[in-house]
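Peer 1: Following this message is one structure expressed as structure tokens.
The values are calculated or read from the model by the stated rules, or taken from the named source; none is laboratory data. Owing to the predicted nature of the structure, the values given are computational and were not obtained by experimental measurement. Counting neighbours? That spans all protein chains shown, and the Cβs are built from the backbone with ideal geometry, glycine included.
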Amino acid sequence: MSGAQPKAAKIAGLISVIAEVNPKALQTRYSQGWVDEVISDMDKLISRVKKARELNETVSLAFQGNIVDLWEKFADHDIRVDIGSDQTSLHNPWAGGYYPAGLSFDEANRMISDDPEKFKSHVRKSLIRQVEAINRHTKKGTYFFDYGNAFLLEASRAGADILKPDGEFRYPSYVQDIMGPLCFDYGFGPFRWVCCSNNPADLAVTDVIAASTLEKIMKGAPEKIRQQLEDNIHWIKEAGKNKLVVGSQARILYADAEGRIAIADAFNQAVAKGKLRAPVVIGRDHHDVSGTDSPYRETSNIYDGSRFTADMAVQNVIGDSFRGATWVSLHNGGGVGWGEVINGGFGMVLDGLESTGEKLRMMLHWDVNNGIARRSWARNDGAMFAIEREMKKTPELIVTMPFIADDKLIDDVI
Ligand SMILES: NC(=O)c1ccc[n+]([C@@H]2O[C@H](COP(=O)([O-])OP(=O)(O)OC[C@H]3O[C@@H](n4cnc5c(N)ncnc54)[C@H](O)[C@@H]3O)[C@@H](O)[C@H]2O)c1
């Protein structure tokens, strides 16, 4: 388990339950404060959830055991789940990314090396069971979504009841339903930075700079992106209190090109003026607006057929390198599985030089708008809005707009 989900649920004021089959992984997250309580007995867990509901608590619970058992038992005991997903590492199903129900953690690990074919068969059967249990919940109103871990893909390959009659998945990927239309199409994506001084005081200074920069942008922001800005202003103001740093003094927030450029520029100036003790490195997750071609995740809300191409990540990386990225990377598989996705990434060192200011403006502008153009060509509403807005701000940017055909006319012609 990663600790992000229980922590996010806590910040959002929910009761969350996460299953983790590996006791060591669970204890690590618990000792680091990412989850409030660990319970390994199913009956105790069920009573604890009921009590939390009655008392209207905000609490994160971790079940030490298999996720399949959890879905099944919650369905048997009529425990209502409002929102659910799966976060096993199914991009790597045969080598420890997914532990099948019915085997202990140690048994599974032995079988992976001693009898890989038998292990595969256990994984497939377990996925079929898991989907059956999830379907029971969704019939009662649970909103289930694919977390971007290839759950829908691997469950369909295992023969689980996960497809609609038209061959599409029964459930959406979170990019199709949430992140794509709300964030990526408008250029909002995970902008990251690391303070090279590794000094917590520097991170605190960057938090203040980022919050005040977004607040300034908020004043002139159009209605369509105010919610995204508000969420991120709230997040960055609260981030320090939530003690989320485990290693490097690093932070992440969602911003569009305007926000990323303004924040990076302000960091660069703070380095130049000595307000930060050392340079800051900026980057982003590959899970972003541009940078990644991934038909089952990042580009899954591109519906014009082009989501099965793999050119955007390459264009992004080449464009970033020409504009001054300190390093770029082009890789494969990121979080979705080998051969399923092409990822492009960059890093840039903000050393306080004036020339760095010039480079960061050029590079971040390309890094984000390349993806918005692609999404606009696919006729995504948010992206058409965002790229037209950008062309007004930057007259030298010329992106062809799609022609929106009249569906009735096309139907008549066909
Ligand atoms: N949507 C996103 O933004 C996003 C972000 C990060 C990761 N992901 C994807 O989510 C998946 C998980 O990422 P992670 O970093 O948490 O990986 P991880 O490998 O650290 O954690 C997965 C955990 O699942 C546990 N597990 C496996 N099968 C289980 C089962 N049947 N029952 C209970 N526990 C089980 C494993 O023991 C492991 O600790 C990956 O496929 C990753 O690509 C998506």
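Peer 1: Kindly indicate whether any position in segment 101-116 is within 25 Å of the chain's Cα centre (by Cα) and within 14 Å of the ligand (Cβ to nearest atom). Can you show your working first?
Peer 2: Pass one, segment 101-116, residues within 25 Å of the chain's Cα centre (by Cα): none.
No - not one qualifying residue is present in segment 101-116.
Peer 1: Would you check if there is a residue in segment 314-322 being surrounded by 24 or more Cβ atoms within 10 Å (Cβ to Cβ), assigned to a helix (DSSP H, G or I) and either touching a helix residue (DSSP H, G or I) at 6+ places or on another chain (Cβ under 9 Å) or on the phi > 0 side of the Ramachandran plot (or both)?
Peer 2: Yes, the conditions are met somewhere in segment 314-322.
Peer 1: Moving on. Against the definition (outside any helix (DSSP H, G or I) and assigned by TED's automatic domain parsing to the domain that holds LYS393), how does LYS237 come out, yes or no? It would help to see each step written out before you state the result.
Peer 2: Working: outside any helix (DSSP H, G or I): no; assigned by TED's automatic domain parsing to the domain that holds LYS393: yes.
No: the conditions fail for LYS237.
Peer 1: Would you pick out the residues in segment 358-414 that are of a type outside the set (S, T, N, Q), without any contact (Cβ under 8 Å) to a residue 40 or more places away in the chain and surrounded by 12 or more Cβ atoms within 10 Å (Cβ to Cβ)?
Peer 2: Within segment 358-414, GLU358, LYS359, MET362, ALA373, MET384, ILE387, GLU388, MET391, LEU397, VAL399, MET401, PRO402 qualify.
Peer 1: Restricting to segment 10-29, and then to whatever is away from the ligand (no atom under 13 Å from the Cβ) and under 26 Å from PRO100 (Cα atoms), can you tell me which residue is surrounded by the fewest Cβ atoms within 10 Å (Cβ to Cβ)?
Peer 2: So, considering only residues that are away from the ligand (no atom under 13 Å from the Cβ) and under 26 Å from PRO100 (Cα atoms), the one surrounded by the fewest Cβ atoms within 10 Å (Cβ to Cβ) is ILE15.
Peer 1: Mind counting the residues in segment 327-362 that are under 18 Å from VAL194 (Cα atoms), among the hydrophobic types (A, V, I, L, M, F, W, C) and assigned to a helix (DSSP H, G or I)?
Peer 2: Residues flagged as under 18 Å from VAL194 (Cα atoms), among the hydrophobic types (A, V, I, L, M, F, W, C) and assigned to a helix (DSSP H, G or I) within segment 327-362 amount to 1.
Peer 1: Which is assigned to a loop (DSSP other than H, G, I, E, B) and at pLDDT 95 or above, of ASP43, ASP69, ASP86?
Peer 2: Within the list ASP43, ASP69, ASP86, the selection yields ASP86.
Peer 1: Determine which single condition GLU258 fails, assuming it passes every other condition in (1) at pLDDT 95 or above; (2) within 14 Å of MET363 (Cα to Cα); (3) within 16 Å of the ligand (Cβ to nearest atom).
Peer 2: (3)
Peer 1: Select, from GLY148, GLY187, the only residue that is away from the ligand (no atom under 14 Å from the Cβ), touching a residue at least 24 places away in the same chain (Cβ under 8 Å) and crowded, with 17+ Cβ neighbours inside 10 Å.
Peer 2: GLY187
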